[in-house]
1. Go through the range 149-185 residue by residue and tally those that are among the small types (Gly, Ala, Ser), on the phi < 0 side of the Ramachandran plot and either surrounded by 24 or more Cβ atoms within 10 Å (Cβ to Cβ) or within 16 Å of ligand 2 (Cβ to nearest atom) (or both).
2. Would you please list the contacts, defined by Cβ atoms under 8 Å and residues six or more apart or on different chains, that run from a residue in the range 326-338 that is over 17 Å from residue 284 (Cα atoms) to a residue that is loosely packed, with under 12 Cβ neighbours inside 10 Å?
3. Of all residues being surrounded by fewer than 16 Cβ atoms within 10 Å (Cβ to Cβ) and of a type in the set (Gly, Ala, Ser) in the range 244-264, which is nearest to residue 180 (Cα to Cα)? Just the residue, please.
4. Can you pull out the residues in the range 23-55 that are more than 10 Å from ligand 2 (Cβ to nearest atom), surrounded by fewer than 24 Cβ atoms within 10 Å (Cβ to Cβ) and within 14 Å of the chain's Cα centre (by Cα)?
5. If I filter the range 22-68 down to residues being within 16 Å of ligand 1 (Cβ to nearest atom) and part of a strand (DSSP E or B), which single residue comes out as farthest from residue 121 (Cα to Cα)?
6. From the list 87, 111, 124, which one is in contact with a Cys (Cβ under 7 Å, 6 or more places away or on another chain), surrounded by fewer than 23 Cβ atoms within 10 Å (Cβ to Cβ), more than 30 Å from residue 207 (Cβ to Cβ) and of a type outside the set (Gly, Ala, Ser)?
7. Within the range 278-331, track down each residue that is among the polar types (S, T, N, Q) and buried (at least 20 other Cβ atoms within 10 Å of the Cβ).
8. Given (1) at pLDDT below 95; (2) in contact with a Ser or Thr (Cβ under 7 Å, 6 or more places away or on another chain), identify the lone condition not met by residue 205.
Amino acid sequence: MHALFALTITFMKPIKEALSLLQSPRKIFITTHHKPDGDAIGSMLGLANYLTQKAHQVTAVAPSELPDFLCWMPGVSELLNYEAESKLCDRALAEAEIIFCVDFNDFSRTKHLTTQLENSTLPKILIDHHLLPKDVWDYGISQPEKSSTCEMVYDFINLSGDNEMIDTSIAACLYAGVLTDTGSFRFPCTTASTHLMCADLLSKGLNHSQIHEQIFDSWSQKRMQFLGYVLLEKMQLIPDYHAGLIALSREDVKAFGVTTGDTEGLVNYPLSIQGIRFSTLITERGDEVRMSFRSKGNFDVSSFAREYFNGGGHFNAAGGKSLLSFKETIARFNQILSDIHPANF
Ligand code: 5GP
Ligand code: MN
């Protein structure tokens, strides 16, 4: 096909046009990305709690298990984990009438649900804030400038005219995602609208300090010791590139009995060092080598992840994977850095 024809794109319809689909009770399937984080689970459960209140029959499916620090969230006991309950999840999808996808913009980010989502003929609705969405949704909203998908779910509830339906359960879920995706309100994506939303949630009875404690101050002793080990033994700095690198092998992770979520946030530590503006975490996990990237300022880690590590994400926070072995991945990462002029970091 001629390149010009290949460029013909049909964009998804605005999310407000999907509201008419929700006027009578529906069977709704909601999902998010593999290895879900606070914003993924918060937006999924915030939306699930809201739609359930609206008399819809909702099934929320996480493609893989949750980290312990998110297991307090209202609605978590009804949440299905695809890796543990695939048959129940498949049945819910087969019976569903509408699909919501939150906090990802490419079906492959769900890992196990990729083919089912591709083949499904149900109306699919996207709510997401990652860069460069795939054009595979019927309705939706993509706003990379937003702090979090949770803030977008809050906007969606308001767009539906249902602000008064936000109870402390919905508020807790949405606040958790905003808190985690903004790095406790310190990243540049935090805006006046983010704070106005939080003010509204507080006025509805949100217990913000309890949520902070559940997410950030509920570590196991092992996790804290693992952090000490990582910072002392595993963190390397590459000053010419203003870069920090942490590479964790399967053995490193095994030695401390690290569980899902225990590596969360490690990638941010090098950025707390003066002069470091780019940080990378390489983790050998199962049969995969996962990459996490963070930056401060104007180095676009989403493009870096897309170009070199089959990934993507946001300008200052992105992820990807390597198809090489753990050792080869470290060597390739160092090679990529040395091929780029340090002034570009
Ligand atoms: P994390 O480093 O916390 O896993 O991910 C950082 C950000 O990048 C998150 O917003 C996450 O959704 C996104 N991300 C992580 N891994 C991938 C990936 O493999 N592909 C894409 N497109 N985005 C990713
Ligand atoms: Mn997010």
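1. Here the count works out to 4.
2. none
3. 257
4. 34, 35
5. 62
6. It is 124.
7. 279, 280, 283, 292, 295, 302, 316, 322, 329 - these are the residues of the range 278-331 that are among the polar types (S, T, N, Q) and buried (at least 20 other Cβ atoms within 10 Å of the Cβ).
8. Of (1) at pLDDT below 95; (2) in contact with a Ser or Thr (Cβ under 7 Å, 6 or more places away or on another chain), only one is false for residue 205: (1).
The values are calculated or read from the model by the stated rules, or taken from the named source; none is laboratory data. Since the structure is predicted, the reported quantities are computational estimates derived from the model, not experimental observations. Please note: Cβ atoms are built from the backbone with ideal geometry, for glycine as well, and neighbour counts cover all protein chains shown.
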